[in-house]
Amino acid sequence: MFFDPLYILLVAIPTGILTFWAQSRVKGTYRKYSQVQSTMGMTGAQVAQTILAKKGVQGIKVEPIAGELTDHYDPRAKAVRLSQGIYGSTSLSAAAVAAHECGHVLQDVEGYKFMNLRAALVPVVNLGSSLGPMLIMAGLFFNILNLAWLGVIFFASVLLFHVVTLPVEFDASRRALRLVDELGILQGAENKGARAVLSAAALTYVATAFTALLNLLYYISLINRRR
Ligand SMILES: [Zn+2]
């Protein structure tokens, strides 16, 4: 299948270009605003601690983690983990990313429905991303199209997961931008820098969802060509 010229032309190349473009935009924007320090001079860790304190959220750890752009909120450990370039940095990128992860904390505290749905889909996706294509290939190989369609249903869970990720990420960024402005963590035009960083990050999630969509459509077209 992956040697199918149609797959390379219609799926692999466009999604590859889109993913590469989105990732380089994230890195470029992130690095640009890593050079710009905020007037308030709060580190990423201080931004996170301030937001959580002002929002009355207790029992969440803010801790450093190795790597670049490895920042995340772990709902099970109740920990906001900030990468080295964010945790101790007073840049606009640091404020934006730290606030974004706090956006996820607030979603967790409020029981934001898309976040719960996304968490519930994780085991399904792990199964669907491996079993789906296998069933499709087996179904096509043995000419059992119902088996192939079952694979499509499994793989559709992957698309659903990435689609549900979009509102979760957009909402966390929306909350982040409101908080850094309202709490005076960033001043005036600094907010635009934070918005640029988070908008670029959102693009990568769109690229991932689009990749899953094109793959699913390709699988469906493969089965349809058999009939
Ligand atoms: Zn996020």
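No lab work stands behind these numbers, since they all come straight from the coordinates. Here the structure is a predicted model, which means the values were calculated and not measured. Here the Cβ positions follow ideal geometry from the backbone for every residue, glycine too, while neighbour counts run over all protein chains shown.
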Averaging sequence separations of C-alpha pairs under 8 Å and six or more residues apart, then dividing by the length of the chain, give the relative contact order as a whole percent.
-> 25
Mind jotting down the distance between the C-alpha centroids of region 1-68 and region 128-172, whole Å?
-> 26
Longest principal axis of the chain (C-alpha) makes with the long axis of helix 190-226 (C-alpha) an angle, in degrees to the nearest 10, of 10
Treating the angle as unsigned and between 0 and 90°, give the value, to the nearest 10°, between the Cα long axis of helix 113-141 and the longest Cα principal axis of the chain.
-> 30
In the Gaussian network model of the chain, springs joining C-alpha atoms below 10 Å, which of SER91, SER34, SER130 carries the largest mean-square fluctuation?
-> SER130
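When a/c reaches 1.5 or more, the comparison of a/b and b/c decides; with that in mind, is region 20-88 rounded, prolate or oblate per its Cα gyration tensor? If you can, show how the numbers build up before the last one.
Details: a/c = 2.37, a/b = 1.44, b/c = 1.65.
In terms of gyration-tensor shape, oblate.
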Would you mind checking the tilt of helix 13-34 against the longest principal axis of the Cα atoms of the chain, expressed as 0 to 90 degrees and rounded to 10?
-> 10
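Sum -39500 (n - 2.57) across every DSSP H segment of at least 4 residues in the chain, then divide by the residue count to get the 222 nm mean residue ellipticity, nearest 500.
-24500 deg cm²/dmol
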What range in the chain is the longest one free of chymotrypsin sites (Phe, Trp or Tyr not before Pro) that are in a loop by DSSP and have at most 11 other Cβ atoms within 10 angstrom?
-> 4-141
Shape call for region 1-141, from the Cα gyration tensor axes a ≥ b ≥ c (a/c under 1.5 means rounded, otherwise prolate when a/b beats b/c, else oblate), comes out oblate
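Is there a pair in LYS54/LYS192; LYS27/LYS55; LYS32/LYS61 whose C-alpha atoms are over 24 Å apart, and which pairs would that be? Please list the in-between numbers first.
Working: LYS54/LYS192 22 Å; LYS27/LYS55 30 Å; LYS32/LYS61 28 Å.
With Cα atoms farther than 24 Å apart: LYS27/LYS55; LYS32/LYS61.
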What trypsin sites (Lys or Arg not before Pro) does region 35-139 have in DSSP loop regions with at most 13 other beta carbons within 10 Å?
-> ARG76
